[in-house]
Amino acid sequence: AFNNKDVKTKITFLNYWKIKNNNKLVSGLFTLRDREGNLINRIYEKEFNYTYTYDLFNVLKKNKIKNNFLGTIECEFYSIKDLKFSFPALQVFYETKDGVGCVHTNQRIFNNIEDLFENKPLNDFQTGFDINVSNKLDSFLTFINGPVTLKDRTLKLNFFNSKGKKLSKKIPYKIIKPYEVKYLSLTDTFSDLKDFFDNQTGYCKVLSTSENVFNRIMVGNITKNSRKISVTHSYYDCSSTKDYIDENTIPSDE
């Protein structure tokens, strides 16, 4: 969640529970935390109309926070009826003077131990997004930790340029607090990336230090003047995964 003179954050969604499933018994809890993971504000909604918007600017204003803000918004939903899906991905919008970037929510905290075990294999290296480091553009990566303090962790990044060359980087962290945000501006963090990419688009694979969360990290590209932003989420590195069905194993009568 960003809030500064250039970027504003909003979360909005259509109440499909009420519209499609006639479920009027859905409540929500929206928790705002700062960059260090400290609790700033909680908003409890007993029920929702057909649409709902969480405007970070208004929440910060009510809490008398005026400086540049970087943090997280955690959204939880509850009902005595079946919600139909376990982790709704809401739309988050980053508004600037010249446009809007949009992606669905990501890096959810695991619901339980079974959820953790089922998805742990998908929390390996994350990739599937473009890297742009040039005179006009910068790329950024965000990592949100789960509810447990982590010690002596190392963030691993493998960059690949348009020529297929690889550049590996590591960032050590002595302590990562619960719900803490690690925001990486690649231009500010690595001085040699600009020459490595040579004004061409590349990509990277990153092994996050976060735990107890589903590590679909939010990543993006932003102009140097912060007036245009594009965002997406990562996907686990499946380059060595064979997730297709071998037709030879299917019986002929099926």
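The values are calculated or read from the model by the stated rules, or taken from the named source; none is laboratory data. Nothing here was measured: the structure is a model prediction, and the numbers come from that model. Cβ coordinates were reconstructed from backbone atoms using ideal geometry, including for glycine residues, and neighbour counts include every protein chain displayed. Ligands, DNA and RNA are excluded from the accessible area calculation, which covers all protein heavy atoms including side chains. Shrake-Rupley method; radii C 1.70, N 1.55, O 1.52, S 1.80 Å.
Quick notes on this one:
- Checking each residue in region 130-152 for being part of a loop (DSSP other than H, G, I, E, B) and either at pLDDT 95 or above or open to solvent by 10 Å² or more (accessible area, probe 1.4 Å) (or both) picks out Asn132, Ser134, Asn135, Lys136, Pro147, Val148, Thr149.
- Residue among Leu167, Leu155 that is assigned to a strand (DSSP E or B), open to solvent by 30 Å² or more (accessible area, probe 1.4 Å), of a type in the set (A, V, I, L, M) and closer than 22 Å to Tyr235 by Cα: Leu167
- Members of region 80-110 that are within 17 Å of the chain's Cα centre (by Cα) and not in a strand (DSSP E or B): Phe87, Pro88, Ala89, Leu90, Thr105, Asn106, Gln107, Arg108, Phe110
- Test for Lys66: is it assigned to a loop (DSSP other than H, G, I, E, B), open to solvent by 70 Å² or more (accessible area, probe 1.4 Å) and without any contact (Cβ under 8 Å) to a residue 12 or more places away in the chain: yes
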